[in-house]
Amino acid sequence: MFDVNELPSLPAYEWAHEEKHAFLTRELTELTRHHAQHCPEYARMLSAWGTDVENVQSFEELPFLPVRLFKELSLKSVVDEELHKTMTSSGTTGQQVSRIYLDRETSTLQSKILSRIVGEFLGKQRLPMIILDTSAIIKNRAMFSARGAGILGFSMFGRDKIYALDENMQLDVEGLKAFLEKHEGEDIFLFGFTFMIWQHFCAELRRVGYRPDLSRGVLIHGGGWKKLADQHITTQQFKQELNETCGLTRVHDYYGMVEQTGTIYMECECGHLHAPVWSDITIRRSTDFSVADVGELGLIQVSSLLPHSYPGHVLLTEDEGRILGEEDCPCGRKGKYFEIIGRIKRAEVRGCSDTYEQKK
Amino acid sequence: MSKRNNSCTWLCGADWESVKPLRPFDESVLAFLADVSAALLRSREAKAYPDVATFAFFCRRANLERLRADYPENDRLGRGLTFHIAPSNVPINFAYSLVAALLAGNACVVKASSQDFAQTRIVCRVLDELLQGVHSALAPYVNVCIYARERQDITEELSAQCDARIIWGGDETVRRVRAAQLAPHAVEVTFPDRYSLLAVDAQAILAMDDSQLARLAQDFYNDTYLTDQNACTSPRLVYWLGKETAAAQQRFWQAVHSYAAQRYPTEPVVAVDKLTAAYRAAVALPGAKLCVMPDNTVVRLQVDALTPDLDEHRCAGGFFVEYTAETLDDLIPVVKRKYQTLSYIGLNVDELKRFVVDNGLRGIDRIAPIGHTMDFALVWDGHDLIRSLSRCISVL
């Protein structure tokens, strides 16, 4: 296997298709072998799927595990003594959460790769940082969730951090004014969750009538569009609102999940999500799980070289999206670029038993 | 004071306060049901719903007379008032529950699914018209209502009044309804979650001509995909017997696939559900192998051994665990109370019955040829509904 320590030094968005595909096929196959040896459950799944690991031509042949399996089964490829921490997904109350087991190696690798990807958009310097969320999120352990973990994770790319909202979700106008005065003329890193930014940050700016000048800001936001899509808010409206309320123009969404922390998919200047060298997007047709054509809508498979301590290197998400192209995005980054359409819908099922999840 | 709670929506019937128990198969009930049958079979609206048509067919006078022949005794009376909780997602089930209790000689209060099913409306409109007309004497015996399952107070009120309670609809529903106390003398019949399987003789598949095979595929489809493979009667395990099973399996599944693929589009979420179930089952069941199929319509997982937790590895929408053996004996250690319907292809029904009885199996209450697993009968889940819902007057 490629030396794990060498991974962070690879160029994030430069490899052409053949090179990247061959690299991922070799490395993901090796990871498959690794997990089959160290995770008995995974070995049985691999055997059921029937892939001959000694004869893999393309990583698309490897079994893709539905992300939901991590909610139902305890899957790890390390002995308990080597466990460093367990990540959980932000399932809403009552739902089962994913449990992702990390050892030090995987955890460190995640941080390094995340740093490399984010660095492509923020530069190498740490920038003064505004967190577009409430200061209560870190203070209150009960609230500490994927949101808190996300904020902590991205905080390592900033310095001199402040929260835009106080503990009562009110805009900290004085704090922001002092911060912007202090950092006048500098680039500023902003981070937050899409829905929180829309519902609280933008709404508070409008409510108090304060228009900070964030034209030198770079915003990275994630967490999904579901809540905004429910309100029929488009990406364009979101960006326009940010531009109107605080002059932000450099806005980057990202797509990522706790099951593959580290290898996030950043939105470029052209509005496209990009796969970096350490991971890839495959779109599968739900009818037969065959690989879809460019432009064709299907289920999103995410493959990542980072998961060593749990068999989550090839996963089938419940998100739908489409590949927009490969290597020809006007932003100049190579690799596949794509868009997310949304989460697949739960169907009404017939049958005698009515013990299904209650609709709210 | 009326016993009919105003918080419910009453679709038919009348206050039952002073009703008397009837004899099983009372003439007034047979006449009423025969008219229900005729009205439904005439109804243009009902024709769009095969389940309503099947119900109408069940209520034909000739069929009721045939059923009566199984109950020659004349020492029985209905228990009085029966209270039924129908399942939330099988539209027509409430009507069968009602008919069984009526035939046993009881007044009925049936809580139909609160989902807005056309079948409920169609059947209840016919019931209501007849009860307002020539069959008005039966109106207190035939009450159908709808209320939200959260209204446990209504469930409690009706449970306290009734002489027998019938609960359909899964373990959770049974538990929730059971929290509502019955009168000390009252009896209860419950229909919780069940698990069903199909046993196939490989030679029977190989001996079929193409048209027989196509008809078989349709029967199998009706017992599985037609209800999202989520009826308690839908087979989830396919148990292969005999020689040349591999060839038989290929022939059988090809036929099922070509029938189902045209009629049952696999929704993305169902495709993911089935893959998840397959992997989860592969972890638990020895020697699991996913079979290659043209698409996600039929998902098959072949296993080398059956385990006691086999029934947990199920998934709606076309997911089948397959097992092959010389005899059915490997079922003996795994069949538990949860096992309900054993359907079959090419096997001898008397031998199957002997297999269940001679081995003292805790489960398997029904044995049915494929295509008929859902056929309603007055004996269901091992309960004889006429005898359970009536009392015997003994003379010493």
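The values are calculated or read from the model by the stated rules, or taken from the named source; none is laboratory data. All figures in this text were calculated on a predicted structure; none of them were measured in a lab. Don't worry about glycine lacking a Cβ; one is built from the backbone with ideal geometry, like all the others, and counts go over all protein chains shown.
Data for the structure
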| item | result |
| --- | --- |
| Number of the exception - A:GLY50 against (1) facing another protein chain (nearest Cβ under 8 Å); (2) crowded, with 20+ Cβ neighbours inside 10 Å | (2) |
| Test for B:VAL174: is it surrounded by fewer than 18 Cβ atoms within 10 Å (Cβ to Cβ) and either among the β-branched types (Val, Ile, Thr) or not assigned by TED's automatic domain parsing to the domain that holds B:SER88 (or both) | no |
| Matching residues, the range B:72-115, being modelled with pLDDT under 95 and closer than 30 Å to B:LEU396 by Cα | B:PRO72, B:GLU73, B:ASN74, B:ASP75 |
| First in the range B:65-87 and assigned by TED's automatic domain parsing to the domain that holds B:VAL177 and under 14 Å from B:SER390 (Cα atoms), second anywhere and in a loop (DSSP other than H, G, I, E, B) and of a type in the set (Asp, Glu), Cβ under 6 Å, 6 or more apart | B:ARG79/B:ASP163; B:GLY80/B:ASP163; B:LEU81/B:ASP163 |
| Checking A:PHE191 against (1) in contact (Cβ under 8 Å) with a residue 60 or more places away in the chain; (2) in contact with a helix residue (DSSP H, G or I) (Cβ under 6 Å, 6 or more places away or on another chain); (3) more than 17 Å from A:VAL218 (Cβ to Cβ), the condition it does not meet | (3) |
| First in the range A:60-72 and within 7 Å of another protein chain (Cβ to nearest Cβ), second anywhere and of a type in the set (Asp, Glu), Cβ under 8 Å, 6 or more apart | A:PRO66/A:GLU318; A:ARG68/A:GLU318 |
| Unique residue being over 25 Å from B:ARG366 (Cβ atoms) and assigned by TED's automatic domain parsing to the domain that holds B:SER258 when the list is B:LEU352, B:LEU275 | B:LEU275 |
| A:HIS252 being part of a strand (DSSP E or B), touching a Cys at 6+ places or on another chain (Cβ under 9 Å) and of a type outside the set (D, E, K, R) | yes |
| So B:VAL189, is it in contact with a His (Cβ under 7 Å, 6 or more places away or on another chain) and either charged (D, E, K, R) or within 25 Å of B:GLN340 (Cβ to Cβ) (or both) | yes |
| Of residues in the range B:68-101 being in contact with an Asp or Glu (Cβ under 8 Å, 6 or more places away or on another chain) and away from chain A (no Cβ under 14 Å), the one surrounded by the most Cβ atoms within 10 Å (Cβ to Cβ) | B:THR82 |
| Candidate set: the range B:9-22, residues that are assigned to a loop (DSSP other than H, G, I, E, B) and surrounded by fewer than 17 Cβ atoms within 10 Å (Cβ to Cβ); chosen: the one modelled with the highest pLDDT | B:LYS20 |
| Among residues of the range B:236-262, those that are part of a helix (DSSP H, G or I) and either within 14 Å of chain A (Cβ to nearest Cβ) or hydrophobic (A, V, I, L, M, F, W, C) (or both), counted | 11 |
| Whichever residue in the range A:1-59 is in a loop (DSSP other than H, G, I, E, B) and acidic (Asp, Glu) and, among such residues, is nearest to A:THR106 (Cα to Cα) | A:ASP3 |
| Meets criteria (among the charged types (D, E, K, R) and either in contact (Cβ under 8 Å) with a residue 60 or more places away in the chain or surrounded by 20 or more Cβ atoms within 10 Å (Cβ to Cβ) (or both)) for A:ASP166 | no |
| Extreme residue, nearest to the other protein chains (Cβ to nearest Cβ), among residues of the range A:304-322 that are among the small types (Gly, Ala, Ser) and buried (at least 23 other Cβ atoms within 10 Å of the Cβ) | A:GLY312 |
| Single condition A:THR106 does not satisfy, out of (1) within 14 Å of another protein chain (Cβ to nearest Cβ); (2) within 21 Å of the chain's Cα centre (by Cα); (3) polar (S, T, N, Q) | (1) |
| Unmet requirement for A:GLY295, which otherwise passes all of (1) part of a loop (DSSP other than H, G, I, E, B); (2) at pLDDT below 95 | (2) |
| Strands (runs of 3 or more DSSP E) enclosed by the range A:99-215 - at least 2 residues per element that are farther than 24 Å from A:LEU306 by Cα | A:127-134, A:158-165, A:188-193 |
| Residue list for the range A:300-328, restricted to those being outside any loop (DSSP other than H, G, I, E, B) and within 26 Å of A:HIS34 (Cα to Cα) | A:ILE300, A:GLN301, A:VAL302, A:SER303, A:SER304, A:VAL314, A:LEU315, A:LEU316, A:THR317, A:GLU318 |
| Single match in B:ALA288, B:ALA305 (criterion: modelled with pLDDT of 95 or more, touching a Pro at 6+ places or on another chain (Cβ under 6 Å) and over 23 Å from A:ARG285 (Cα atoms)) | B:ALA305 |
| Yes/no for B:ARG314 being within 12 Å of another protein chain (Cβ to nearest Cβ), farther than 22 Å from A:GLU61 by Cβ, touching a Phe, Trp or Tyr at 6+ places or on another chain (Cβ under 9 Å) and buried (at least 20 other Cβ atoms within 10 Å of the Cβ) | no |
| Any hit, the range B:190-204, residues being more than 9 Å from chain A (Cβ to nearest Cβ), outside any strand (DSSP E or B), under 25 Å from the mean Cα position of the chain (by Cα) and surrounded by 19 or more Cβ atoms within 10 Å (Cβ to Cβ) | no |
| Considering residues of the range B:279-300 that are facing chain A (nearest Cβ under 7 Å) and of a type in the set (A, V, I, L, M) only, the residue nearest to A:ASP52 (Cα to Cα) | B:LEU290 |
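Yes/no per residue for (1) assigned to a loop (DSSP other than H, G, I, E, B); (2) over 24 Å from B:ASN230 (Cα atoms):
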position: B:LEU301; (1), (2): no, no
position: B:THR324; (1), (2): no, no
position: B:VAL335; (1), (2): yes, no
position: B:THR341; (1), (2): no, no
position: B:VAL357; (1), (2): no, yes
position: B:GLY360; (1), (2): yes, yes
position: B:ILE364; (1), (2): yes, no
position: B:THR373; (1), (2): yes, no
position: B:ILE386; (1), (2): no, yes
